[in-house]
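The values are calculated or read from the model by the stated rules, or taken from the named source; none is laboratory data. Quick caveat, the model's predicted, so the values are computed rather than measured. So basically every Cβ, Gly included, is an ideal-geometry build from the backbone, and we count neighbours across all protein chains shown. Accessible surface areas use protein heavy atoms only, side chains included; no ligands, DNA or RNA. Shrake-Rupley method; radii C 1.70, N 1.55, O 1.52, S 1.80 Å.
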Amino acid sequence: MSQTIESFKLLLENAFSEPLTYLEASQLLTIKVQENQLFATLKTLKETLKFDALIDHAGVDWPNENKIELIYILFSTHHNQQIMVSADIDRNQPTPPSVSSLWAIAEWQEREVFDLLGVTYKNHPDLRRLFLEDNWVGSPLRKDYKDDFILERPW
Amino acid sequence: MGLINDNPENPFKEAIPGSPAFITSIDKVVNWARSNSLWPLTFGTSCCAIEVMMAAGAAHHDLARFGAEVARPSPRQADLLVIAGTIVKRMEPLLKTLYDQMAEPKYVIATGACAISGGPFIYDSYTTIRGAHEVIPVDVYVPGCPPRPEAFFYGLLTLQKMIIEGQTIAKPFERRKPVLSVLPPRIKLEQIRDELVKNLTARSVTDLNQNPKELGL
Ligand code: SF4
């Protein structure tokens, strides 16, 4: 079953009680949620709207706005639709809920974000570093990350 | 940079009895044999591996002409370690282990800017090792990003030449200084550039005359 974006948006709005905020910046259908509604929104998307695959989860550091943006890209094999969910969290105390109880793959994707951006997920079963060494200090994908190893660009 | 045996008191090094003439002739045969049957280890860490292992090994360029096509999945059976790709901090101990597991005589070719110096990732990278020689000794460097198969073959031929000229049975751990093998002498950089420009213009995806300053790079 495949629909146009418009009819799919209707379906989407019927599933939520509050109105949704869309982001126009991306070509993908994108909704913006608050941190405290993040888990509930993703749960509704998974259980009511049958978004059964978490394709990607990533984080973006915005040091000037003092926030970290979390991105979830979901795919529904049932509707043949993709959707992107974006949420801003506090940069100094990033403790969003883990969604590994909804999609098992999220466990590893959240470990990656934890590894590189220092986001500590709540209720994550096994939050360890994934790519870097276990004794690494700091989160290298934060834009203000510095260490002794890095060679500064001389221009 | 590079290797070389800086421990003259090597316990494995023994003088072989007999006349020097005999050793020299045997050396020639052994070195000739070694140089023509370099078995590379199947080892690639990023994009250079596609170029070196796929392009150089495939039928069009054909690594088998130089006796180096028997890629071995085990370091115990390999003579040649081709470092094709970026080495990151996490990879460093593994590379060291692989090198240590290879049996003597072993040779190392570093291909691509990444394995030579860190290449595109030399600045502002928190994890890229700046050159494979920081981890293990390297015999031949082949520059490029990635190198053309011709350049890689030239590097291989350079290594073969080094083997034929260099090592002897009497001094098994001694090697020459590492060399940089750039391009075969008859191929000019302009030729390669013209060919690339021709190909790129034919597909017209890139404005080759654009000024990087204007793009804000
Ligand atoms: S030198 Fe270039 S092609 Fe080779 S691994 Fe590095 S970035 Fe990739």
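Computed values, structure above
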item	result
Inter-residue pairs, beta-carbon under 7 Å, first farther than 19 Å from B:Val138 by Cα and more than 8 Å from chain A (Cβ to nearest Cβ) and in the range B:116-127, second open to solvent by less than 60 Å² (accessible area, probe 1.4 Å) and near the ligand (Cβ under 10 Å from one of its atoms), 6+ apart	B:Pro120/B:Ala113; B:Phe121/B:Thr86; B:Phe121/B:Cys114; B:Phe121/B:Thr128
Count of residues meeting criterion [more than 14 Å from the ligand (Cβ to nearest atom), in contact with a Pro (Cβ under 9 Å, 6 or more places away or on another chain) and more than 22 Å from A:Leu116 (Cβ to Cβ)] in the range B:113-134	1
Single match in A:Asn80, A:Asn92, A:Asn64 (criterion: out of contact with any Pro (no Cβ under 9 Å at 6 or more places or on another chain) and either of a type in the set (Lys, Arg) or under 28 Å from B:Ile122 (Cα atoms) (or both))	A:Asn64
Subset of the range B:145-169 (residues that are closer than 18 Å to B:Ser46 by Cα and assigned to a loop (DSSP other than H, G, I, E, B))	B:Cys145, B:Pro146, B:Pro147, B:Arg148
Lone qualifier among A:Asp126, A:Asp115, A:Asp134 - being acidic (Asp, Glu), under 28 Å from A:Ala53 (Cα atoms) and part of a loop (DSSP other than H, G, I, E, B)	A:Asp126
Output for the range A:94-111, where each listed residue is over 22 Å from A:Glu65 (Cα atoms) and touching a Phe, Trp or Tyr at 6+ places or on another chain (Cβ under 7 Å)	A:Ser98, A:Val99, A:Glu110
Positions within the range A:124-152 being surrounded by 15 or more Cβ atoms within 10 Å (Cβ to Cβ) and either more than 11 Å from chain B (Cβ to nearest Cβ) or of a type outside the set (A, V, I, L, M) (or both), in sequence order	A:His124, A:Leu127, A:Trp136, A:Ser139, A:Pro140, A:Arg142, A:Tyr145
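Okay, residues lined up against (1) within 11 Å of the ligand (Cβ to nearest atom); (2) away from chain A (no Cβ under 14 Å); (3) in contact (Cβ under 8 Å) with a residue 60 or more places away in the chain; (4) buried (at least 24 other Cβ atoms within 10 Å of the Cβ):
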position	(1), (2), (3), (4)
B:Pro75	no, yes, no, no
B:Ile87	yes, no, no, yes
B:Glu92	no, no, no, no
B:Glu104	no, yes, yes, no
B:Thr111	yes, yes, yes, yes
B:Ile136	no, yes, no, no
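The rows are residues; the columns are (1) aliphatic (A, V, I, L, M); (2) open to solvent by 40 Å² or more (accessible area, probe 1.4 Å); (3) more than 14 Å from chain A (Cβ to nearest Cβ); (4) within 16 Å of the ligand (Cβ to nearest atom).
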residue	(1), (2), (3), (4)
B:Cys47	no, yes, yes, yes
B:Met53	yes, yes, yes, yes
B:Ala56	yes, no, yes, yes
B:Asp62	no, yes, yes, no
B:Arg65	no, yes, yes, no
B:Arg72	no, yes, yes, no
B:Leu80	yes, no, yes, no
B:Ala84	yes, no, yes, yes
